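Trainee: Here it is: the structure, laid out below.
The values are calculated or read from the model by the stated rules, or taken from the named source; none is laboratory data. The structure presented is a predicted model; accordingly, all values stated were derived computationally and were not measured. Cβ placement follows ideal geometry from the backbone for every residue including glycine, while neighbour counts extend to all protein chains displayed. Surface accessibility is based on the protein's heavy atoms, side chains included, excluding ligands, DNA and RNA. Shrake-Rupley method; radii C 1.70, N 1.55, O 1.52, S 1.80 Å.
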Amino acid sequence: GTVILRGVNRSVLAGQRIGVLGANGQGKSTLVKTIAHALPLLAGRITEGKGLRLGYFAQQELDVLQLDDTPLAHMVRLAKVNPEIAAQCGREQDLRNFLGSFQFGGEMANQPVGSMSGGEKARLVLAMIVWQRPNLLLLDEPTNHLDLTMREALALALNAFEGTVMLVSHDRALLRSVCDEFWLVGGGTVAPFDGDLDDYQRYLLDVARQKREQLQNVAAAAISQPAETAK
C-alpha cells in the first residue's frame, strides 16, 4: 500500500481538545486509526500514558451492534464486561437513565436495533463508548448519519466530557464548539494549524484551486503533444 504519513512526532496532553483538519485523502483517518490501534504502525512507536483508556468511534464501529438486541440489552452486556464501572452505574435503572441521556428513553430502549436508522445506531455506539469512561476519545467523522438535533446533542455531550478529545470532522460547527486547537494533516505530515476555521476554509479552497490548475496543466500538455501518426 501507499505510505500516507511519515515522520509524525506529536504529543497529546491530558485535557487537550484537538480538531484534526485536512483535505480528503491526506491521512486524517489514518492518523486516528493508528492511535486507536485499528491500524498497525509502519515504523516508530506510540508511547501511552499510564492509565490511558481509549474510546474510538468511527462509522465502521456500527458493526459491533447486534441487530436483534435492544439498546438496553447492549448496555447490560457492556456492564457485565466492565464490572468496575458497573459497580458505580450498572444497575438496570442506571443504564436506562444513561440511555435516556442519549435519547433512548422509554420504549426506545427496548426496540430492536435492526429497526433503527443509521443515526440512531451511531448514537447507540457513541453511548456505549462514553459509558465506558475513556479518558481519550477519538472520533472519526462522528456526525455522518446524524441529523442537526443530534449533532447539537453530540456537541453538548462532548463539552460535558472531561477527558481528552481528538476529533476528525468536516462539520465546522462541531469543530468550533468542541475543539480549542487544530492539527493539519497534509503533504505527508501532521503539524499544528496556526489559524481559525475561516483560515482553514481558505486553505481548502487554495488546495482545490491548485488541484484544478494541475489537472488543467496536464490536460493542456496532453493536447499540445502532436498526435503520433499511424505507421
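Every residue, every condition in (1) touching a His at 6+ places or on another chain (Cβ under 6 Å); (2) closer than 22 Å to Leu167 by Cβ; (3) surrounded by 11 or more Cβ atoms within 10 Å (Cβ to Cβ); (4) among the basic types (Lys, Arg), yes or no:
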| site | (1), (2), (3), (4) |
| --- | --- |
| Thr2 | no, no, no, no |
| Ala58 | no, yes, yes, no |
| Asp68 | no, no, no, no |
| Ala73 | no, no, yes, no |
| Leu78 | no, no, yes, no |
| Ile85 | no, no, yes, no |
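Trainee: Still on this model: Would you mind finding the one in Ala43, Ala38 that is without any contact (Cβ under 8 Å) to a residue 60 or more places away in the chain and touching a strand residue (DSSP E or B) at 6+ places or on another chain (Cβ under 7 Å)?
Mentor: Ala38
Trainee: Test each condition in (1) part of a helix (DSSP H, G or I); (2) under 16 Å from Tyr56 (Cβ atoms); (3) not charged (D, E, K, R) for Ala87 and report the one that comes out false.
Mentor: Condition (2) is where Ala87 drops out.
Trainee: Let me ask something else about it. Here are some residues: Gly49, Gly25. Which one is open to solvent by 30 Å² or more (accessible area, probe 1.4 Å) and under 18 Å from the mean Cα position of the chain (by Cα)?
Mentor: Gly25
Trainee: May I pose another question? Out of curiosity, is Gly7 open to solvent by 70 Å² or more (accessible area, probe 1.4 Å) and touching a residue at least 24 places away in the same chain (Cβ under 8 Å)?
Mentor: When the stated conditions are applied, Gly7 passes them.
Trainee: Can you name the condition, by its number, that Glu48 falls short on among (1) under 14 Å from Pro134 (Cβ atoms); (2) of a type outside the set (Val, Ile, Thr); (3) touching a residue at least 12 places away in the same chain (Cβ under 8 Å)?
Mentor: The failed condition is (3).
Trainee: Looking at segment 174-187, can you tell me whether even one residue there is more than 19 Å from Val12 (Cα to Cα), at pLDDT 90 or above, open to solvent by less than 70 Å² (accessible area, probe 1.4 Å) and not hydroxyl-bearing (Ser, Thr, Tyr)?
Mentor: Yes, segment 174-187 contains at least one residue that is more than 19 Å from Val12 (Cα to Cα), at pLDDT 90 or above, open to solvent by less than 70 Å² (accessible area, probe 1.4 Å) and not hydroxyl-bearing (Ser, Thr, Tyr).
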